[in-house]
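Report on the following structure.
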Amino acid sequence: MSNWSEWRAQVNLDDYEARWQQMADDGANPHGEADFIDRFAPSSVLDAGCGTGRVGIELAGRGIDVVGTDLDDDMLAYARGKAPQIDWVQSDLVDLELGRVFDLVALAGNVIPYVEPPDRPAAVAGAARHVAIGGHLIAGFTLRADWFPLADYDRWCAEAGLHLIAHHATWAGHNDDSGDYDGGDYVVAVHRRLSLGGSSGGEVVPQRPIRTPLGQ
């Protein structure tokens, strides 16, 4: 059984959705990913591996043009039910071809680790080809010995023409490009497309302060 199939078999979508509402009811912030993404002031975001749409719907509510994509039709049904005005596309990342690019592509939750190991470089490339010049690919995922090392992910991004900006330990992050990853078991990796060829020059994208980060 694949990593994704194993996780999906254990998840009741009603319970999964209720988890985020309970977090909000308890006074915590369920939108740390959206807060982090919002720092980069994108006008358009591809929520890749969008699941039930939590991140994409929050970003759309902030006035950002959002498209969501996922392979799981049941999860997409939740997303469509909550926000039918957003374009939700069923596709895996390897074959994804939307015919447009975005200021930012988000892989907000163990998206690449749940891809079958031989397809992971192609999945990263599929996400990367939807990043506009000057735009960012931001991925948050758990680091496990039986998945892949962070260096592999960075290499797949480089092969797809993206330049490493920073590694952060959480979606709270720092409000600069210095990164704060401390070698723990979770990372938020920020990469940027600087040109069609992925060169390392270019100006810094204006950023906003983080607003009420998740901090966990």
Check segment 136-145 and report whether any residue there is assigned to a loop (DSSP other than H, G, I, E, B), small (Gly, Ala, Ser), within 18 Å of Val188 (Cα to Cα) and over 10 Å from the mean Cα position of the chain (by Cα). yes
Any idea which of Gly173, Gly109 is more than 18 Å from Ala48 (Cα to Cα) and either open to solvent by 30 Å² or more (accessible area, probe 1.4 Å) or touching a residue at least 40 places away in the same chain (Cβ under 8 Å) (or both)? Gly173
For segment 140-149, indicate whether the set of residues that are at pLDDT 95 or above and either closer than 24 Å to Val89 by Cβ or surrounded by 22 or more Cβ atoms within 10 Å (Cβ to Cβ) (or both) is non-empty. yes
Filter segment 112-128 down to the residues that are under 24 Å from Ala41 (Cα atoms) and open to solvent by 10 Å² or more (accessible area, probe 1.4 Å) and list them by number. Ala125
Members of segment 54-88 that are at pLDDT below 95 and in a loop (DSSP other than H, G, I, E, B): Leu71, Asp72
Among the residues in segment 137-152, are any touching a Pro at 6+ places or on another chain (Cβ under 9 Å), farther than 24 Å from Leu98 by Cβ and of a type in the set (Phe, Trp, Tyr)? yes
Subset tally (residues that are of a type in the set (A, V, I, L, M) and touching a Leu at 6+ places or on another chain (Cβ under 6 Å)) for segment 116-134: 4
From the list Leu137, Leu98, Leu143, Leu104, exactly one residue is farther than 23 Å from Ser44 by Cβ and touching a Leu at 6+ places or on another chain (Cβ under 8 Å). Which is it? Leu143
Given the conditions (1) open to solvent by 20 Å² or more (accessible area, probe 1.4 Å); (2) farther than 28 Å from Arg62 by Cα; (3) at pLDDT 95 or above, every one holds for Gly134 apart from (2)
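Results for (1) farther than 15 Å from His191 by Cβ; (2) more than 12 Å from the chain's Cα centre (by Cα), shown as yes or no for each residue.
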site	(1), (2)
Asp47	yes, no
Gly61	yes, yes
Gly81	yes, yes
Asp87	yes, yes
Leu107	no, no
Arg129	no, yes
Restricting to segment 34-86, what's the tally of residues that are more than 16 Å from Glu17 (Cβ to Cβ) and not charged (D, E, K, R)? 24
Being over 18 Å from Arg129 (Cβ atoms), small (Gly, Ala, Ser) and either in contact (Cβ under 8 Å) with a residue 40 or more places away in the chain or open to solvent by 50 Å² or more (accessible area, probe 1.4 Å) (or both) is the filter here, so list the residues in segment 57-100 that pass it. Gly61, Gly63, Ala77, Gly81
Note: among Asp103, Asp152, just one is open to solvent by 20 Å² or more (accessible area, probe 1.4 Å), modelled with pLDDT of 95 or more and within 18 Å of Ala34 (Cβ to Cβ), namely Asp103
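The values are calculated or read from the model by the stated rules, or taken from the named source; none is laboratory data. Predicted model only: the values in this text are computed from it and were never measured. FYI the Cβ positions are ideal-geometry reconstructions off the backbone, even for glycines, and counts take in every protein chain you see. Surface accessibility is based on the protein's heavy atoms, side chains included, excluding ligands, DNA and RNA. Shrake-Rupley method; radii C 1.70, N 1.55, O 1.52, S 1.80 Å.
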